[in-house]
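Where a number appears in this text, it was derived from the coordinates with a stated rule and is not lab data. Just so it is clear, the model here is predicted, and its values are computed rather than measured. Methodologically, a virtual Cβ is constructed for each residue, glycine included, from the backbone with ideal geometry; neighbour enumeration extends over all protein chains shown.
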């Protein structure tokens with residue numbers, strides 16, 4: 001999939017206006033996600049109007065056990081930001097038994113998308129997400145995660161430095177983009193779309209993923 005197309009789909013998650021009708025969706029307790037006909041799972045990020053920020057603030061570490069996400073061996077025993085785990089867990093209940101080919105999301109949803117991608121063994125494209133994984137271990141499948149953030153975006157740095165959370169594949173496929181005219185913090189997908197559309201991006205990050 002083209003990265004810019006993924007950015008447009010993630011942006012569409014905020015109003016639910018996709019090119020085609022999703023085959024399934026969840027809208028429950030601040031969790032919104034859409035499963036599209038081609039197997040793309042799109043998660044909607046933080047919405048300040050509702051209750052999403054309680055998940056951002058729930059920074060306790062939650063240990064994955066054999067009952068979570070079908071007990072995938074590569075993630076059993078790993079620890080995750082509990083708020084983002086809760087988001088991913090609710091989405092997982094929606095997609096049970098359905099085929100997921102890729103996962104994507106922005107902000108809070110991007111953090112949850114990393115966990116779901118590892119659980120399902122599929123690629124992920126995430127934008128401007130805070131760090132969800134506790135510790136410094138590398139996990140099987142992390143090379144499939146494309147992590148994009150804007151240099152002026154403060155949300156990816158929200159989790160306190162004293163708590164050792166990281167992004168999956170923190171030292172791998174993470175790209176920090178800059179908009180020449182932007183010198184202030186901005187987290188909106190509009191700016192991520194503008195950043196990905198820059199011609200200079202072709203020299204710094206893949207145009208398609210995976």
field: R0 of 41 Å, Cβ-Cβ distance residue 24-residue 76: FRET efficiency to nearest 0.05
entry: 0.95
Helix-only [θ]222 nm of the chain, DSSP H runs n ≥ 4, -39500 (n - 2.57) each, per residue, nearest 500: -7000 deg cm²/dmol
- prompt: Only one of the listed values, [x] 32, 20, 13; [y] 29, 24, 20; [z] 23, 20, 17, was derived from the coordinates as semi-axes √(5λ) of the Cα gyration tensor in Å; which label is it?
  reply: [z]
Estimated inter-spin distance, residue 136 and residue 17, nm [label 7 Å along Cα→Cβ]: 4.7 nm
Size of segment 78-135 as Cα extents on the principal axes (Å, biggest first): 29, 19, 17
Gain in span if fully extended, residue 178 to residue 205, counting 0.36 nm per residue against the direct Cα distance: 8.5 nm
task: Quick one: compute the contact order of the chain, relative version, from alpha carbon pairs under 8 angstrom and 6+ residues apart, as a percent.
output: 19 percent
message: Highest mean first, how do 6-18, 128-140 rank when packing is the count of other Cβ atoms within 10 Å averaged over residues?
response: 128-140, 6-18
